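To keep things clear, I will list the structure first and then write my remarks on it.
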Amino acid sequence: MKRLFIPLLILLIATPLIAATPFTSPVKRVILDAGHGGEDPGAVGSLSKEKEITLAVTKLLAKELTEGGLEVMLTRESDTFLSLEERVSIASGENPGVGHSLLFVSIHANSSTSPQAQGFEVLIKKSGHWVHFLEATSSDWQIGRYATATASQLNTALNRQNLLLATAVNHSIARYYPEMSNRGVKEQDVWVLNGSKNPSVLVEIGFISNPLEEKLMLEGGWQAKMASAIAEGLFDYISGY
Ligand SMILES: [Zn+2]
């Protein structure tokens with residue numbers, strides 16, 4: 001009697017939580033966003049532009065994720081300009097599919113006025129910034145997906161998944177690059193993250209303003225290793241819940 005009662009109790013407690021978190025369904029698709037592009041070079045180093053490094057790493061990451069069985073969508077595949085609005089609209093307009101979840105990963109290189117600044121960091125939106133999941137213009141699938149939970153439940157759940165996703169990616173990069181400075185997971189007011197309705201992170205893979213890191217970031221081997229590190233972090237997150 002007792003044995004039957006405990007699993008039932010767990011199920012009853014867990015049910016409202018499951019209903020409130022469309023983000024914890026199995027991840028089928030990942031949207032990769034190579035920072036900047038076209039007329040927007042991003043940060044400019046002495047040898048390269050941020051937009052070139054972000055695209056190279058993003059393409060390698062796309063390959064890793066596809067090989068791992070995920071569907072991958074790129075906000076840009078060449079040196080083209082995309083506004084922040086367009087990037088967010090791609091991320092939020094994609095239907096993850098009933099019973100599935102979707103991730104958004106933006107790749108950037110950092111810059112500082114100090115050439116000594118170095119290391120990688122993973123950014124998430126500020127937890128106090130609320131996402132408006134349902135609006136008058138919401139499509140049917142968005143209503144079906146988000147109307148089962150309150151705005152508060154959805155925002156709490158999304159903040160939690162953002163943190164779990166960012167932590168998994170951060171830990172994986174730290175494992176691959178123990179020699180690099182780990183600047184951690186940070187909440188920041190970033191437009192492209194603020195507008196996303198899916199678990200989202202922005203990875204700053206290194207400093208283009210640091211001569212040593214810029215040189216490394218331009219090496220194909222380094223780029224492939226960074227792609228593997230981020231991919232492993234994403235797979236760790238996906239298998240972790
Ligand atoms: Zn950038």
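Below are the figures for this structure:
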read-out: Tensor-based shape of the range 39-82 (alpha-carbon gyration tensor, a/c under 1.5 rounded, otherwise prolate or oblate); value: oblate
read-out: Separation of the Ser112 and Lys63 label points, Cα + 7 Å toward Cβ, nm; value: 3.2
read-out: Computed over the range 140-206, Kirkwood Rh from alpha-carbon pairs, angstrom; value: 13.7
read-out: 5 Å-binned pair-distance histogram of the range 184-241 (Cα, whole percent); value: 4, 14, 19, 20, 21, 15, 6, 1
read-out: Computed lengthening from Glu39 to Glu77, 0.36 nm per intervening residue step minus Cα-Cα distance; value: 12.2 nm
read-out: Between the range 157-224 and the range 53-115, the Cα center-to-center distance that results, in Å; value: 13
read-out: Equivalent ellipsoid semi-axes, the chain, via Cα gyration tensor eigenvalues times 5, rooted, Å; value: 33, 20, 16
read-out: Debye, to nearest 20: dipole size of the chain, +1 on Lys, Arg Cβ, -1 on Asp, Glu Cβ; value: 980
read-out: Spin-label model distance (nm) - Asn194 vs Ile143, 7 Å beyond Cα toward Cβ; value: 2.9
read-out: Those lysines that a straight Cα-Cα span of less than 17 Å connects to Lys59, excepting residues fewer than 8 apart in one chain; value: Lys49, Lys51, Lys225
read-out: In order through the range 195-207: 3J(HN,Hα) via Karplus (6.51 cos²θ - 1.76 cosθ + 1.60), integer Hz, x for Gly, Pro; value: x, 7, 9, 10, x, 9, 9, 10, 9, 8, 7, x, 9
read-out: Mean Cβ count within 10 Å, highest first, over the residues of peptides 87-99, 27-39; value: 27-39, 87-99
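Bear in mind these aren't lab numbers, they're just calculated from the coordinates by the rules spelled out. If you're wondering where the values come from, they're calculated on a predicted model, not measured in any experiment. For neighbour counting, all protein chains shown are included, and Cβ atoms are generated from backbone atoms with ideal geometry for every residue, glycine included.
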